[in-house]
Amino acid sequence: PAPATDAGAPLESGVGAPGRFLVDGASGDSRDRELGRSLGAPVVGAGFAVANETAVVLRGNARGAAMMSPDASAVVASYKFGLDRELVMLRPAVFQKHGFEVINISVSETCLCPSMALGETLKLFDGLESIVINELAYTFRSRGFMQRVEGLGLEALVLESWAWSSEQVEASSPREGRSAWAALVRKLQLLLKCVITWLLVSSITGFFIRVAVNGSAVLMFPIAMAVRAMGSSSSRMSLRVLTRSFPWIGVHVEVLRRAGRPLGPLFKSHLSFLLFQCFAYLSCNLAWRFILYRKSAPEGFEERIFSLCSGLELFILIFVRTEHSAKIFPKLVTGIMLFLHFYIFCSLYPLHNLALITCGLSCVYVMVYCLNHFEEPALRADPFAHSTPTAAHPRALYLPQLSPSWTLESAPLWTMFYSPSPASSFPEEAMRHISAEEYLMP
């Protein structure tokens, strides 16, 4: 707990911190005391240690108008702040029993953001929390815990919470500054952390996407068999087509059917393996939150990063088929995601959602660009050219067939890390079986 702040004494100014930020409800002027009582904040005699503060942002064009408004409907956002998590999370009865002092601060929107358009934008992307957290962190330059609450008083409903340490505050913007060499070393360390983080997230997500695609194909066979049992026929859902489309499952289905063995254990084993991989992926997501993203962020922010990564991996798996797309798309997307992670790791609490949406829209633009300039023209190219994606080779990139079983079984999952090569890097004799498959396709 810090000593009670005198109403007329300015606090230590931090980055963007106003000279007089806190007003003691017990020793401030009559207008401030009246607001504290009207909002239900307990006012204790001066001289007690300040253990907790409750801040509300009120609608208004001036500080005076906001301070005079006791109407709860005028509140834009309410927060509870304290140096220690344990103190803020005390039960209201315990908090009042020990006589802790609560200081109420009411701030106008124009104090945090003078521009109305910018203020509405920040509220749309939950940017007010970034301003409030940075004001508190760099005013006190110490650890802190803040909650966003709905309602006023000690029994307000908690919506979200954030915590930070004094080491994180100093690491982002030290009081004494840094030398050019120290700043360069820190940025290189952050860049290395961003690269490792993105490689882990993208690799494990890509691994799970491929396992899910391979495992979920088993669902097509029971559906086709049920349709066939009901007397309905469909050329697209026949067992012959499915066996050729998914040979890593179709071969096993044909072997069991010819031997008169039941197919239930085969389907059950594939689905069990898929559920196991889903659990492993969710466990990785939970571990990443504590290992890679060890700082406060908006609720669900890490999950949104994983969702964006999953969308990118699915796009690569389905739509990145030409040589030019394979060269350009991964590099541009990697650069965008590294920029996002560098921005997040470099600051104490930046505008997370705004940065994520900006990078997400940038990735969508790259997707549309590759589709329009590379994938769509490839549909009109020579279908017998090895550089044109076709049904026989959906992707115009190849790798050596290291095992004869790959013609029937799917390639091992480790091959996702094996860099493919264009058709021009292989001799003509090695590409003949690809041409033969083209002629045999119906």
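The values are calculated or read from the model by the stated rules, or taken from the named source; none is laboratory data. In this text the structure is predicted, and so the values were computed from the model without any measurement. Counting neighbours? That spans all protein chains shown, and the Cβs are built from the backbone with ideal geometry, glycine included. These area figures cover heavy atoms from the full protein model, side chains too; ligands, DNA and RNA do not enter into them. Shrake-Rupley method; radii C 1.70, N 1.55, O 1.52, S 1.80 Å.
Is one or more of the residues making up segment 337-348 within 29 Å of Gln168 (Cα to Cα) and outside any helix (DSSP H, G or I)?
The answer is yes; a qualifying residue exists.
Taking the options Ser166, Ser142, name whichever one is open to solvent by less than 60 Å² (accessible area, probe 1.4 Å), in contact with a helix residue (DSSP H, G or I) (Cβ under 6 Å, 6 or more places away or on another chain) and of a type outside the set (D, E, K, R).
Going through Ser166, Ser142 in turn, the sole match is Ser142.
Can you give me the number of residues within segment 374-412 that are open to solvent by less than 40 Å² (accessible area, probe 1.4 Å), in a loop (DSSP other than H, G, I, E, B), under 17 Å from Pro422 (Cβ atoms) and among the small types (Gly, Ala, Ser)?
Selection size over segment 374-412: 3.
Looking at segment 152-163, which of the residues that are open to solvent by less than 40 Å² (accessible area, probe 1.4 Å) and either among the aromatic types (Phe, Trp, Tyr) or out of contact with any helix residue (DSSP H, G or I) (no Cβ under 7 Å at 6 or more places or on another chain) (or both) is modelled with the highest pLDDT?
Trp162
Kindly evaluate Ser106 against the criterion of being touching a helix residue (DSSP H, G or I) at 6+ places or on another chain (Cβ under 6 Å) and surrounded by 15 or more Cβ atoms within 10 Å (Cβ to Cβ).
yes
Among residues belonging to segment 293-309 that are of a type in the set (Gly, Ala, Ser) and over 13 Å from Leu348 (Cα atoms), point out the one that is surrounded by the fewest Cβ atoms within 10 Å (Cβ to Cβ).
That would be Gly300.
Go through Leu312, Leu286 for me and flag whichever is in a helix (DSSP H, G or I) and either touching a Lys or Arg at 6+ places or on another chain (Cβ under 8 Å) or in contact (Cβ under 8 Å) with a residue 12 or more places away in the chain (or both).
Within the list Leu312, Leu286, the selection yields Leu312.
Condition check: open to solvent by 20 Å² or more (accessible area, probe 1.4 Å), aliphatic (A, V, I, L, M), over 19 Å from Glu299 (Cα atoms) and touching a strand residue (DSSP E or B) at 6+ places or on another chain (Cβ under 6 Å). Does Val75 satisfy that?
So Val75 passes the test.
Condition first: among the small types (Gly, Ala, Ser), in a helix (DSSP H, G or I) and loosely packed, with under 14 Cβ neighbours inside 10 Å. Now tell me which residues in segment 172-202 satisfy that.
Ala180, Ala182, Ala183 - these are the residues of segment 172-202 that are among the small types (Gly, Ala, Ser), in a helix (DSSP H, G or I) and loosely packed, with under 14 Cβ neighbours inside 10 Å.
Tally time: how many residues in segment 413-424 are assigned to a loop (DSSP other than H, G, I, E, B) and either open to solvent by less than 60 Å² (accessible area, probe 1.4 Å) or among the hydroxyl-bearing types (Ser, Thr, Tyr) (or both)?
Matching residues across segment 413-424 total 3.
Inspect segment 142-158 for any residue being aromatic (Phe, Trp, Tyr) and farther than 23 Å from Glu101 by Cβ and give the result as yes or no.
no
How many of the residues making up segment 122-139 are assigned to a loop (DSSP other than H, G, I, E, B) and either open to solvent by 20 Å² or more (accessible area, probe 1.4 Å) or hydroxyl-bearing (Ser, Thr, Tyr) (or both)?
Looking only at that region, the number is 2.
Would you confirm whether or not segment 321-329 contains a residue that is acidic (Asp, Glu), in contact with a Leu (Cβ under 7 Å, 6 or more places away or on another chain), in a helix (DSSP H, G or I) and in contact (Cβ under 8 Å) with a residue 12 or more places away in the chain?
yes
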